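Report on one structure; see the data block that follows.
The values are calculated or read from the model by the stated rules, or taken from the named source; none is laboratory data. Keep in mind the model is a prediction, meaning the values are calculated, not measured. Please note: Cβ atoms are built from the backbone with ideal geometry, for glycine as well, and neighbour counts cover all protein chains shown.
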Amino acid sequence: ENGYLRRGQCMSDNGLIQKDRRHLIHSVLSWGEHERRGATILTSGDGVWLTDGDGNRLLDAFSGLWCVNIGYGQQSVVAAAAEQMARLPYATNYFHFASESAVELAARLAERAPGDLDHVFFTQGGSDAVDTAIRLIRYYFNVTGRPEKKHMIAVDRGYHGSSAAGSGITGLAVFHTHFDAPVATQHHIPTAWPYRFDGSDADLIAASVRHLRAKVAEIGPDRVAAFFAEPVVGSGGVIVPPDGWFRAMRDTCAELDIVFVADEVITGFGRTGPMFGSAYDGVAPDVMTLAKGLTSGYVPMGATLLSDRLYRAIVDASGKAVIGHGQTYSGHPVSAAVGLEVLRLYEEGGIIANGQASGAHLASALTALSDHPLVGDVRSRGLLACIELVTDKVAKTRPDPALGLPDALARCGFERRVLFRAFGDAMIGLAPPLISTIDEIDEMVARVKSTLDDMLAIPAIREALNG
Ligand code: PLP
C-alpha cells in the first residue's frame with residue numbers, strides 16, 4: 001500500500017519489525033500509526049549515505065536528526081571513543097572528580113563560545129541542557145534575592161526539548177497536548193516569520209521587540225526570569241529571522257534584566273555557518289544550550305554554558321551551600337573524548353569551512369525550486385533550510401491537513417531514497433551533513449525536486465492547486 005509497509009520485509013525475516021512493534025516506543029509520532037506501518041531499520045552509514053535493512057541506500061539530507069554534522073563512518077572518532085573506553089570508561093563529575101577529556105572539552109568550548117560563556121555543565125542531550133538552564137536560572141534568581149523572577153518566555157514556534165519543564169518552554173502544541181504543559185510561569189510570543197509577516201524586516205524586528213515588552217509588562221517586569229530563543233527556529237519549521245533579530249531580542253532582554261538563553265542545540269557547530277549561530281548576529285548570550293553537533297550524534301552529549309557573570313553571582317551568593325544539580329553521566333569521558341575529536345575535525349579537518357561552502361551552494365541550488373507550483377517559500381542559513389509548501393502562492397495558503405501532504409512527502413522521498421524532515425504543516429526541512437560535497441548537495445536537491453513533482457501526480461493535491 002505504501003513504502004512504509006513494503007520496506008522492512010527482509011528485516012521481518014529475523015523478526016525485528018515485529019519486535020519493534022511490540023517493544024520499542026518511538027519518538028514524536030502516532031503510536032497507533034507506527035504499529036500499523038512498522039519501523040525502517042537502519043543498519044549502516046558512510047559519509048552522507050545510510051543503508052536500511054532491505055539494502056536500500058538512502059541519501060541523508062537531514063544529518064540523522066540534524067546532528068550528524070561530520071557524516072557517518074569517521075574512524076578517528078571511533079578510535080577516540082575506543083581509546084577512552086579502554087583506558088577509563090567512566091568517571092563522575094559529582095563531587096570533586098573529573099576526567100581529563102571532560103575538563104579539556106569544557107575548556108575548549110569556553111574558549112570558542114561567544115562573550116564570557118566560560119562555565120560548562122555537561123548533559124546527555126538537548127532536553128536536559130534546557131532543563132539544566134531552567135534550574136540554574138531559578139537557582140540564580142533565588143540565591144541572589146530575587147525569588148519573584150520565575151516566569152520564562154519563548155517564541156511560539158520554538159522547540160526547546162521535551163523534558164517536563166522544557167516542553168512548556170517549547171511552543172509547539174503537540175508537545176503540550178495532554179502533557180499538562182505549559183505551566184503558568186511559561187509564556188510565548190509570536191515567532192518572527194518573514195514569509196508570514198506583512199512588512200519590512202525592520203518592522204518585523206520592531207514587532208518582536210514590542211511583543212516581548214508587552215508580555216513582560218503583562219506578567220510584571222520584576223517577575224520575568226528568562227527569554228529562550230533559537231538563532232534560527234528549527235523543529236518549528238526552519239524559520240530564519242531577519243538579520244539583526246537575535247541581536248535586538250538580546251539587547252531588549254539586557255535592558256529589561258532578563259536572562260537571554262540561546263538554544264543552539266541545532267545551530268551550534270557550524271550548522272548555520274559560524275561555529276555558533278549567535279555569532280551570526282554578534283550576540284553573546286547569558287546562557288547557551290548545546291547538543292547534537294557537539295558529538296555529531298556519535299554518542300549522546302549536551303551542554304549548558306553559563307556566563308561568568310551568572311556563574312560568579314551563584315558562587316558568591318551560595319557560599320558553602322551544596323548546589324543540588326547533577327547527573328551520573330554529566331561529562332561522561334567517552335562522550336567528551338568524542339566531542340574533542342569532533343571539534344578537531346570541525347576545525348583542523350576543515351568541516352566547518354566545507355559546511356560554509358556547501359551552505360552557500362545549497363542556498364543557490366534551492367532557488368531553482370521557487371518556481372515549483374507547490375513552493376511558497378525557500379529559506380536557509382548555512383546548511384539549515386526549509387521549503388514551505390502552499391496550495392496558492394499569492395494567498396500563501398497552507399495545504400489542507402486532509403491532503404496528508406507531509407506523509408506523502410516522507411513516503412515519496414523515501415521512494416526517491418532521500419531523507420529529509422516533512423514538518424506537520426507541509427514544509428520540507430533540510431540539514432545536510434557539513435561534509436557534503438557540492439555534487440552531493442545537488443543530488444539532494446534533485447531528489448527533493450523529484451519528490452515535489454511526485455506530489456503533482458496525486459489527484460487531490462493537483463485539484464487543490466487548480467482550485
Ligand atoms: N533544543 C533545540 C533547539 C532542539 O532542536 C532540540 C532537539 O531537536 C532540543 C532542544 C532537545 O534536544 P534532545 O532531543 O537532544 O533532547
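Tell me, yes or no, whether the stretch 164-177 has at least one residue that is hydroxyl-bearing (Ser, Thr, Tyr), touching a helix residue (DSSP H, G or I) at 6+ places or on another chain (Cβ under 7 Å) and within 16 Å of the ligand (Cβ to nearest atom). Yes. So is ALA192 assigned to a loop (DSSP other than H, G, I, E, B), in the same structural domain as SER307 (by TED's automatic domain parsing), more than 11 Å from the ligand (Cβ to nearest atom) and buried (at least 23 other Cβ atoms within 10 Å of the Cβ) or not? Yes; evaluated as a whole, the condition is true for this residue. Just to be sure, is ARG250 free of Cβ contacts under 8 Å to residues at least 60 places away in the same chain and more than 13 Å from the ligand (Cβ to nearest atom)? Considered against the rule, which asks whether it is free of Cβ contacts under 8 Å to residues at least 60 places away in the same chain and more than 13 Å from the ligand (Cβ to nearest atom), ARG250 comes out as yes.
Counting the residues of the stretch 243-280 that are under 19 Å from the mean Cα position of the chain (by Cα) and either surrounded by 24 or more Cβ atoms within 10 Å (Cβ to Cβ) or of a type outside the set (Ser, Thr, Tyr) (or both) gives 22. Looking across the stretch 378-406, the residues that are within 18 Å of LEU430 (Cβ to Cβ) and in a helix (DSSP H, G or I) come down to LEU405, PRO406. For the condition over 16 Å from VAL103 (Cα atoms), of a type in the set (Asp, Glu) and not in a strand (DSSP E or B), ASP371 qualifies.
Within the stretch 36-76, take every residue that is among the polar types (S, T, N, Q) and crowded, with 20+ Cβ neighbours inside 10 Å and give me the one that is nearest to MET444 (Cα to Cα).
SER63
Of the residues making up the stretch 82-99, those that are touching a residue at least 24 places away in the same chain (Cβ under 8 Å) and either among the charged types (D, E, K, R) or surrounded by fewer than 20 Cβ atoms within 10 Å (Cβ to Cβ) (or both) are GLU83, MET85, LEU88, PRO89, TYR90, ALA91, THR92, TYR94, ALA98. Screening MET288 with (1) surrounded by 24 or more Cβ atoms within 10 Å (Cβ to Cβ); (2) in a loop (DSSP other than H, G, I, E, B) gives one miss only, at (2).
Per this entry, LEU310 is counted among residues that are surrounded by 14 or more Cβ atoms within 10 Å (Cβ to Cβ), over 12 Å from PHE122 (Cα atoms) and more than 16 Å from the ligand (Cβ to nearest atom).
GLY297: at pLDDT 95 or above, in a loop (DSSP other than H, G, I, E, B), farther than 29 Å from SER200 by Cβ and under 13 Å from the mean Cα position of the chain (by Cα), yes or no? Can you show your working first?
Values: at pLDDT 95 or above: yes; in a loop (DSSP other than H, G, I, E, B): yes; farther than 29 Å from SER200 by Cβ: yes; under 13 Å from the mean Cα position of the chain (by Cα): yes.
When the stated conditions are applied, GLY297 passes them.
Of the residues making up the stretch 419-450, those that are among the β-branched types (Val, Ile, Thr) and out of contact with any Phe, Trp or Tyr (no Cβ under 9 Å at 6 or more places or on another chain) are ILE435, THR437, ILE438, ILE441, VAL445. Just one of the listed residues (ALA291, ALA279, ALA303) is more than 16 Å from the ligand (Cβ to nearest atom), modelled with pLDDT of 95 or more and farther than 14 Å from LEU434 by Cβ, namely ALA279. Those helices (runs of 4 or more DSSP H) of the stretch 64-158 in which at least 2 residues are in the same structural domain as ALA279 (by TED's automatic domain parsing) and within 16 Å of the ligand (Cβ to nearest atom), considering only elements entirely within it, cover 126-143. Test SER318 against the criterion of being touching a residue at least 12 places away in the same chain (Cβ under 8 Å) and more than 16 Å from the ligand (Cβ to nearest atom), and give yes or no. Here the answer is yes, as SER318 does meet what is asked. When the test is whether a residue is touching a residue at least 24 places away in the same chain (Cβ under 8 Å), within 25 Å of ASP54 (Cα to Cα) and among the acidic types (Asp, Glu), ASP454 passes it. Taking ALA262 and the conditions (1) within 13 Å of the ligand (Cβ to nearest atom); (2) outside any strand (DSSP E or B); (3) closer than 23 Å to ILE205 by Cβ, which numbered condition does it fall short on, given that it satisfies the others? That leaves (2) as the condition not met.
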